Every structure is written in C-alpha cells, then in structure tokens.
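Step one of this worksheet: look at the structure below.
The values are calculated or read from the model by the stated rules, or taken from the named source; none is laboratory data. Everything numeric here is computed off the predicted structure, so don't read it as measured data. Note that each Cβ is placed from the backbone with ideal geometry, even for glycine, and that neighbours are counted across all protein chains shown.
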Amino acid sequence: MTQSVKAVLALALFGAATWVAAMLSGQLIVLATGVPASSGILNGFVVPFLLVLGLRAVPHSWHVTLAFTVYGALAIPTVLLGPPGVHKLAVAFVAGVGADLVIRVIKGKLHHFSYILSFAVWALLLVVMARLAFDVDALQLPGKEKFVEAFPVMAAVFIVEAAIGAFLASNVFDRRSLAEHPSVERLQAWLNRKP
C-alpha cells in the first residue's frame, strides 16, 4: 500500500470519527431545540477541533477535502450539514476545497492563522450552502421557520466557533507536542513505511 493510499485511509477514518462525535453531540441539540441545523451550535467548534487534530497528524495536500467528504457521505441520511440528501457530498466537498485552498495559500507564512482562516472560510461556505438548501421550497422540514428566524445568529456563532476550534486544536497539537505522542508517531511510521 502506497503512502498516499494510507494517508487517504487515515483521513477517511478521521472524517468518520468526527462524524460520530458530531452525531452524538449535535443530534442531542436538535432533539432538544427542535430547530434543524442547531447542531451547528456545538459542532461549529467540535468538528473543526477534531478535524485539525487529525489533519495535523496526517500530512496530505487535500486533507480537509478528503476527511470532510467522508463526513458528508456519512451525513447523507441525517440533519448534519443541512436537510437529508445526496447533495451533502457536494456541500462537504466544496467546504473542504475552500478550506484546503486557504491552507495551501498561507500555511507556510502563518501556520496557526492558516487553520483559523481556513475553517472560518469552511464555516462560511457551510452556512451559505445550508441556507440555500433550507430555502428550497420543496423542503418542508419541521422547524424550518425556527431555523430561518435564528439563522443570522446561528451563522455568526458557527463561523466564530469554527475559527476558535481550529485555532485551539492547532495550539493543543503544538503545545502538547502531539506530533511526538506515541499514537501519532505510530500512525506516521505506518504512513511512511515502504510497501
């Protein structure tokens, strides 16, 4: 197995693990509030935090795109990333590409800032696409009116939380020397092992 295939597999696992965490935390909020997309209140922080920890451990050119597209595929039947449907693959892919492009442009210059800005862009893209999905007349979801009413506040909170989650994860990775943690070292040794 080549290094690239191993990295894709590891990123897919990080995307799936992040989805599990988002389902556990976010669905509880949706059930409690009855507002679709209210899971973003918590997941705006949780998802970027977990993704950045995973992405820092697995170097790859399009790491957000790969991990978050897996997340999007798993989210298809749920209310994570908007109303249920196959469109979530495109939503996740576009948000991932947006984040990866920002990281590629500024990563070498301002490392932590690249994650803050990339996940703020990621969140902004998700907010715009969620609003477009909820504006489709064919979607008559319960709580849709509550969502539209709370949208401006939820959008602002989601974007700020995403930037904070990414910043904190990047700092935790560096300050706790997670790159030197035995589990990360084993993962990177597996990624770098020749077939």
Could you please give the count of residues in the stretch 47-73 that are surrounded by fewer than 21 Cβ atoms within 10 Å (Cβ to Cβ) and over 20 Å from residue 111 (Cα atoms)? 1
The residue from 51, 42, 66, 55 that alone is out of contact with any Lys or Arg (no Cβ under 7 Å at 6 or more places or on another chain), assigned to a helix (DSSP H, G or I) and over 18 Å from residue 99 (Cβ atoms) is 42
For the stretch 168-194, pairs from a residue that is over 12 Å from residue 56 (Cα atoms) to a residue that is surrounded by 13 or more Cβ atoms within 10 Å (Cβ to Cβ), with Cβ under 7 Å and 6 or more apart or across chains, are 168/49; 190/6; 191/3; 191/6; 191/7; 191/10; 191/58; 192/3
Of everything in the stretch 1-32 that's touching a residue at least 60 places away in the same chain (Cβ under 8 Å) and surrounded by 15 or more Cβ atoms within 10 Å (Cβ to Cβ), which residue is nearest to residue 154 (Cα to Cα)? 19
Is there a residue being surrounded by 13 or more Cβ atoms within 10 Å (Cβ to Cβ), more than 22 Å from the chain's Cα centre (by Cα), at pLDDT below 85 and among the aliphatic types (A, V, I, L, M) anywhere in the stretch 179-195? yes
Only one of 8, 30, 79 that is among the β-branched types (Val, Ile, Thr), out of contact with any Asp or Glu (no Cβ under 7 Å at 6 or more places or on another chain) and in a loop (DSSP other than H, G, I, E, B): 79
Looking across the stretch 95-114 at residues that are surrounded by fewer than 19 Cβ atoms within 10 Å (Cβ to Cβ) and at pLDDT 90 or above, the single one that is farthest from residue 44 (Cα to Cα) is 101
Got a sec? Which of 89, 141, 81 is modelled with pLDDT of 80 or more, under 20 Å from residue 31 (Cβ atoms) and not charged (D, E, K, R)? 81
Only unsatisfied item for residue 21, checking (1) outside any helix (DSSP H, G or I); (2) within 15 Å of the chain's Cα centre (by Cα), is (1)
Of all residues making up the stretch 115-138, the number that are modelled with pLDDT under 85 and either surrounded by fewer than 21 Cβ atoms within 10 Å (Cβ to Cβ) or over 19 Å from the mean Cα position of the chain (by Cα) (or both): 9
